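Working notes for the structure below.
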Amino acid sequence: MSTAPRILVRDVPPDPAFALQQAGFSPLLSRLFAARGVTSGDELDPDLKHLLPPEGPLGLLGIARAGELLADAIGAGERICIVADYDCDGATACAVMLRGLALLGAKPGTVSYVVPDRAVHGYGLTPTIVELAIKHEPKLLVTVDNGIASHAGVAFARALGVKVLVTDHHLPAVTADGEATIPDADALVNPNQPGCPFPSKSLAGVGVAFYVLTVLRGELRRRGAFGEAAPPNLATLLDLVALGTVADVVKLDANNRRLVAQGVRRMRAGRMQPGVRALFTAAGRDASRANSFDLGFALGPRINAAGRLDDMTLGITCLTTEDEAQALELGRELDRINRERREIEAGMQEQALALLERLMADPRLNGEPPPALAIFDADFHEGVVGIVASRIKDRLHRPVFVFAEGADGQLKGSGRSIAGFHLRDALDLISKRHPDLLRKFGGHAMAAGCTLAPGGVAPFAAAFEQVAREWLDEAALTRTLRTDGPLPPEAFCPETVQELESQVWGQSFEAPLFCDRVQVVHQRLVGERHLKLRLRQGAMLRDAIWFGRTEQLPEQVTLAYRLSLDEYQGQQRVQMVVEAMAD
């Protein structure tokens, strides 16, 4: 049960492609970058001097005040408590803030952190989390990757005499009239808050935390905190910034690409936190060849698994310890939890697909899935609903919400969306049409969450589907796969794979995907789940594999594929990793 994609080829504007080639990029990279909207080599320069400045006419609103609050607390030796989120972005942001404050002079023992338990506390700076945090006796609370919608928690903390600095990147809550609202914090830094002129709205939570630390360093320098010594080098934190940015699947605009490129460069050179090194080891990945795929699909899920099934303090401790042995032990524990997560996910996905089979049996659907789906089963695990929603969304190309019963009896849902359907806006519309349906909600265009009362899935599914019918047409509901067209025969070599892997790819700056018409010479199943192929491409024979594909291919077919290096007995061979086909 899946929808076959329509394979498209990206347009390559000739003038930018020529300009990039004149700037020294290879013909292939010039073509790929131009097709992704790059117009000059300056956009691809990873040097940190090209980062958007934190202050100035286009700086982050509120960041100067944030630097002052932190500098005041450090100067007075006051206690600071970081309030983190329970995903990889939140964990890395917490680690960046903890390590950064220590680098910048916070006295040992004055900086602590709390992180919500997904099943117990919910998301954000709730009053319950404030009660946990004040046990550390802080004078200042600092949120990372949360807080923009935490009106009650901020008010509660300030009523207790505790100052609050919110650092976040999520969208603010809106009133019934559609007006964005922000909590009454002592300082608030978020590129997506009303009135913030910062050009990159795609900073991850860890990116915002890093920017705040750069301003804090400047404020401390102005106060003479470093004397004649050079200020601490915050670039040592960029491996964490890169990990959190890629794992949170934010848009890799030019600014984020620089942050990620610098972090990946440090990993490849062996200059990384012990915990990051341990995660590479636990995942069986080579840090000297680190790339965005490693961060998004190997390291990130192992950190996320702690927040989904266990306690995110495991992940944060892994990222903050200086003890290599402890880091390796924690990395292995996170790997074990991630394997458990995969088993739970596989079972839930099987249950979800069985529910879909029954749904699709409805003759009124004519074999086509509805424009949006909401799925619930009493046995679903709350920590994995987002991953299952993502898998089903990819399979059916429909906006999907998956719900599980929380510890408090309420239904906790996580949704994933497709292009053209802003998930958080959809939830906002549903809340206006059905005021008693959603207990709370929040998120982004492509990912969001909400809470329902018991028994609320059916009315939510109907309301969700109705919005999708209004917003999505047939074109939007047809999955398309954008490719970079045929790969020149001379580029089918290990040097091309290495050249492509040396670049930073990710959300909205997708890794190259080529497509070619080929003849299938031989095909067989390996591992009972993957199709191993021998293909004829022009006059050349190619090796290929299609992971998760068991059905045989026709003799002539157009394939969309990526390149990879298959290493066996010391030999490197280029192979095609197939993503999709068109007859």
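The values are calculated or read from the model by the stated rules, or taken from the named source; none is laboratory data. No experiment lies behind these values; they were computed from the predicted model shown. Cβ: placed from backbone, ideal geometry, glycine included. Neighbour counts: every protein chain shown. Side chains included, ligands, DNA and RNA excluded: accessible areas come from the protein's heavy atoms. Shrake-Rupley method; radii C 1.70, N 1.55, O 1.52, S 1.80 Å.
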Subject >> Among (1) touching a Lys or Arg at 6+ places or on another chain (Cβ under 7 Å); (2) under 28 Å from ASP311 (Cβ atoms); (3) modelled with pLDDT under 90, the one test that ALA352 misses >> reply: (1)
Original post:
Which residues, counting only those in the range 292-314, are surrounded by fewer than 23 Cβ atoms within 10 Å (Cβ to Cβ) and more than 20 Å from ILE82 (Cβ to Cβ)?
Top reply: PHE293, ASP294, GLY296, PHE297, ALA298, PRO301, LEU309
Original post:
Among the residues of the range 150-182, which ones are open to solvent by 60 Å² or more (accessible area, probe 1.4 Å) and under 26 Å from the mean Cα position of the chain (by Cα)?
Top reply: HIS151, ILE182
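With the requirement that a residue be open to solvent by 10 Å² or more (accessible area, probe 1.4 Å), assigned to a helix (DSSP H, G or I) and either touching a strand residue (DSSP E or B) at 6+ places or on another chain (Cβ under 8 Å) or closer than 13 Å to SER202 by Cβ (or both), what does the range 241-255 give you?
Filtering the range 241-255 down to residues open to solvent by 10 Å² or more (accessible area, probe 1.4 Å) leaves 246-251, 253-254.
Cutting the leftovers down to assigned to a helix (DSSP H, G or I) gives us 246-247, 254.
Listed by number, the residues that qualify are VAL246, ALA254.
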Original post:
Scanning for something out of contact with any Gly (no Cβ under 9 Å at 6 or more places or on another chain), crowded, with 19+ Cβ neighbours inside 10 Å and of a type in the set (S, T, N, Q), does the range 233-240 turn up at least one residue?
Top reply: no
**OP:** Scan the range 78-113 residue by residue and report those that are under 13 Å from VAL212 (Cα atoms) and either in contact with a strand residue (DSSP E or B) (Cβ under 9 Å, 6 or more places away or on another chain) or among the hydroxyl-bearing types (Ser, Thr, Tyr) (or both).
**Re:** ALA93, CYS94, VAL96, MET97, LEU98, LEU101
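Here are LEU553, LEU559, LEU533: which of them is outside any strand (DSSP E or B) and open to solvent by less than 20 Å² (accessible area, probe 1.4 Å)?
From the options LEU553, LEU559, LEU533, the qualifying one is LEU553.
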